[in-house]
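Shown next, in structure tokens, is the structure this report addresses.
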Amino acid sequence: MFGSFIEKDVKGNHTYVPNDEGENTSTWEFPHKLITNDGFRYARVLQTVAYIAVDEDAYGQPIVEKWDIYSHRQMA
């Protein structure tokens, strides 16, 4: 299953796919990969918000941004 949404702040349209890399090693669970121009970012996409791993800290833990989203669509 994959999906798409629009981020409220910049009105950007984004597409995501399932995370096919197995278990996450951090305390965060990222069941999705957000497709970007240069690859992907790990993500957790819910109905009205998305949590995006934008970097990692010195301890290897993700730095996460919370995005408000709308027009969330899931496709099989």
Check: Among all residue pairs at least 6 apart or on different chains, which show Cβ distances below 6 Å where the first residue, located in segment 46-57, is surrounded by 11 or more Cβ atoms within 10 Å (Cβ to Cβ) and the second is at pLDDT 95 or above and not in a strand (DSSP E or B)?
Finding: none
Check: What single numbered condition from (1) exposed (fewer than 11 other Cβ atoms within 10 Å of the Cβ); (2) aliphatic (A, V, I, L, M); (3) free of Cβ contacts under 8 Å to residues at least 24 places away in the same chain fails to hold for A76?
Finding: (3)
Margin query: Anything in segment 27-45 that is surrounded by fewer than 13 Cβ atoms within 10 Å (Cβ to Cβ) and closer than 12 Å to T15 by Cβ? List them, or say none.
Written below: T36, N37
Margin query: Would you confirm, using the coordinates I've provided, whether K8 is of a type in the set (K, R) and without any contact (Cβ under 8 Å) to a residue 40 or more places away in the chain?
Written below: no
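The values are calculated or read from the model by the stated rules, or taken from the named source; none is laboratory data. Predicted, not measured: the structure shown is a model, and the values here were computed from it. Virtual Cβ from ideal backbone geometry, glycine too; neighbours counted across all protein chains shown.
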